Amino acid sequence: MAVTQQLARIPAAQLAACRESADALDALCSFTAAPDEAYLDLNWWPVILKRAWAMAGADERTFALLRRGFDGDEEVNPAYRDYPYGIFDHPVTALEPPEVKAVAEALRSLTPEAVHAVVPSDPAQIEAKLSPTALEVRGDLAGFLAEQHTILRDFYEEAARRQLAVVLWWD
């Protein structure tokens, strides 16, 4: 089974419950504690998007916020590492609503067109600049990358608009 980046947007009170209870966090990470539209599976796009954002000219502050959109802040509940079938290699992290808003603003600062424009056409350059993972994409890499940026931006904008927290993990 491939390990992919997962995000869930949830109310701050639910995040607090996950911080207190490994059972609550397990339910969230098992996709049963929130509606389907609260989750986002980003597959391996974070690896490629981080490099594209740097190439697109994100300044240091913006780039740090963009990375937080994939990395989160502190671990939600360290006890979950010992949970049966839990996620122990990649801790489950989260962003509180104010940080979610900051990430949403950073994502808005880079347009999908800017992300699209930085994708090289030469496969050797794609591998060197974006990662070997980018070579596995079949079809219009630049178009798909711009689309993934848009999906992530829209996910964070909705979370920010609703003042939700975002929980992040690799599954």
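Tabulated results
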{"read-out": "Check: segment 81-129 dipole with +1 on Lys, Arg Cβ and -1 on Asp, Glu Cβ, in debye", "value": "80 debye"}
{"read-out": "The chain, accessible surface, carbon-and-sulfur percent (1.4 angstrom probe)", "value": "51 percent"}
{"read-out": "Correct option for P(r) over Cα pairs in 10 Å bins from 0, in percent [calculated from the coordinates] among (i) 9, 32, 30, 13, 7, 5, 3, 1, 0; (ii) 10, 41, 38, 11, 1; (iii) 10, 38, 33, 16, 2", "value": "(iii)"}
{"read-out": "Charge sum, other residues only, whose C-beta stays under 10 Å from LYS101's C-beta, Lys/Arg counted +1 and Asp/Glu -1", "value": "-3"}
{"read-out": "Per-residue [θ]222 nm for the chain (sum of -39500 (n - 2.57) over DSSP H runs n ≥ 4, rounded to 500)", "value": "-16000 deg cm²/dmol"}
{"read-out": "Probe 1.4 Å, accessible area per residue of the chain, Å²", "value": "50 Å²"}
{"read-out": "Helix runs (DSSP H) in the chain reaching 24 Å along axis by Cα, Kyte-Doolittle at least -1.0", "value": "141-161"}
{"read-out": "Net charge over other residues, Cβ less than 11 angstrom from the Cβ of LYS129 (K, R count +1; D, E count -1)", "value": "-1"}
{"read-out": "Prolate/oblate/rounded label for segment 49-149 (Cα gyration tensor, a/c 1.5)", "value": "oblate"}
{"read-out": "Dipole-positive endmost among ALA13, TYR39, GLY57 within the chain (Cβ charges, Cα centre)", "value": "GLY57"}
{"read-out": "Distance (nanometres) between label positions extended 7 Å along Cα→Cβ at ASP140 and GLN163", "value": "4.0 nm"}
{"read-out": "Net charge over other residues, Cβ less than 12 angstrom from the Cβ of VAL76 (K, R count +1; D, E count -1)", "value": "-4"}
{"read-out": "Potential extension, ASP41-GLU75 segment - 0.36 nm per residue separation minus Cα distance", "value": "10.3 nm"}
{"read-out": "Charged-residue dipole, Cβ positions (Lys, Arg, Asp, Glu), segment 22-67 about Cα centre, Debye nearest 20", "value": "380 debye"}
{"read-out": "Euclidean distance of C-alpha centroids, segment 102-171 and segment 15-55, integer Å", "value": "16 Å"}
{"read-out": "Stokes-Einstein D for segment 106-171, Kirkwood Rh over Cα pairs, 10 °C, 1.306 mPa s (µm²/s)", "value": "119 µm²/s"}
{"read-out": "Dipole magnitude (debye, nearest 20) for the chain, charges at Cβ of Lys, Arg, Asp, Glu", "value": "380 debye"}
{"read-out": "Pairwise FRET efficiency - SER21 versus TYR85, Cβ, R0 = 22 Å, nearest 0.05", "value": "0.85"}
{"read-out": "Simple spin-label estimate for GLU60 and ILE151 in nanometres, 7 Å along Cα-Cβ", "value": "3.3 nm"}
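The values are calculated or read from the model by the stated rules, or taken from the named source; none is laboratory data. The structure displayed is predicted, hence computed values, not measured ones. Backbone-built Cβ (ideal geometry, glycine too); neighbour counts: all protein chains shown. Ligands, DNA and RNA are stripped out before the accessible areas are found, and what is left, the full protein with its side chains, is counted by its heavy atoms. Shrake-Rupley method; radii C 1.70, N 1.55, O 1.52, S 1.80 Å.
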